[in-house]
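Scroll down for the structure; my scribbles are underneath it.
The values are calculated or read from the model by the stated rules, or taken from the named source; none is laboratory data. This is a predicted model, so every value here is computed, not measured. Here the Cβ positions follow ideal geometry from the backbone for every residue, glycine too, while neighbour counts run over all protein chains shown.
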């Protein structure tokens, strides 16, 4: 199985740490964020991992040369003039994928106890029920967040932004809801079908959620997998570094 780690972000909210190192190598519990994510991907069967880079790229390369898990092949997808955002990063790396079928996509700044093997199994089950229609499965949670994704009985169909007062400030829907409308917050962990690369000619920087919504409007399925029962943290700020250190203690 192949996987990809999105690691090209500038990590501006973690400055001044990220003035000196890429966000991927910020230390949590005595190890870089990237090391924790790679451990999780390898444990679930990833044999080839693609990592996109931009900020302090050479440090990421050096880490992989010196400390990468054995028995795993790595490919770097540099983003000159980037970063290219989530969707742009994935599509810029399309030529590096070798296998047909699903791959895991994981943000480098996400630490969680979400069972990745269960994500893969659920994705495979949905694909059997919806042949030719499933593009991706998104690990989502019922938690408070400024931006929530909207799902109905046909999968992803929009998003909603809310302010600190929890009042909606903006929203976008690609269709009217079919059945029950559900609100989820995204975790930054997906399972994607490699066929996604043949469904869009997009280039440059763009959000993968924008791409998902474009495909949903065309009738493709982007399915939610509710992982609310599992601990998760986005290590995007200094305050969350200490929280993440406690969480990774449960991974060892």
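Looking at 177, 131, 115, can you tell me which residue is surrounded by 12 or more Cβ atoms within 10 Å (Cβ to Cβ), farther than 27 Å from residue 247 by Cα and out of contact with any helix residue (DSSP H, G or I) (no Cβ under 6 Å at 6 or more places or on another chain)?
Details: 131 fails: surrounded by 12 or more Cβ atoms within 10 Å (Cβ to Cβ); 115 fails: farther than 27 Å from residue 247 by Cα.
Just a single option satisfies the conditions, and that option is 177.
Could you tell me whether region 152-165 includes any residue that is crowded, with 18+ Cβ neighbours inside 10 Å, under 22 Å from residue 4 (Cβ atoms), at pLDDT 90 or above and in contact with a helix residue (DSSP H, G or I) (Cβ under 6 Å, 6 or more places away or on another chain)?
Yes, region 152-165 contains a residue that is crowded, with 18+ Cβ neighbours inside 10 Å, under 22 Å from residue 4 (Cβ atoms), at pLDDT 90 or above and in contact with a helix residue (DSSP H, G or I) (Cβ under 6 Å, 6 or more places away or on another chain).
For residue 223, which of the numbered conditions (1) surrounded by fewer than 17 Cβ atoms within 10 Å (Cβ to Cβ); (2) at pLDDT 90 or above; (3) within 19 Å of the chain's Cα centre (by Cα) fails to hold?
Just one mismatch for residue 223, condition (1).
Please specify each residue of region 81-137 satisfying the condition of being more than 16 Å from the chain's Cα centre (by Cα), over 20 Å from residue 223 (Cα atoms) and in contact (Cβ under 8 Å) with a residue 12 or more places away in the chain.
82, 96, 97, 98, 99
Can you give me the ranges of the helices (runs of 4 or more DSSP H) entirely in region 1-112 with at least 2 residues that are in contact with a strand residue (DSSP E or B) (Cβ under 7 Å, 6 or more places away or on another chain)?
Here the list reads 33-43, 57-67, 85-92.
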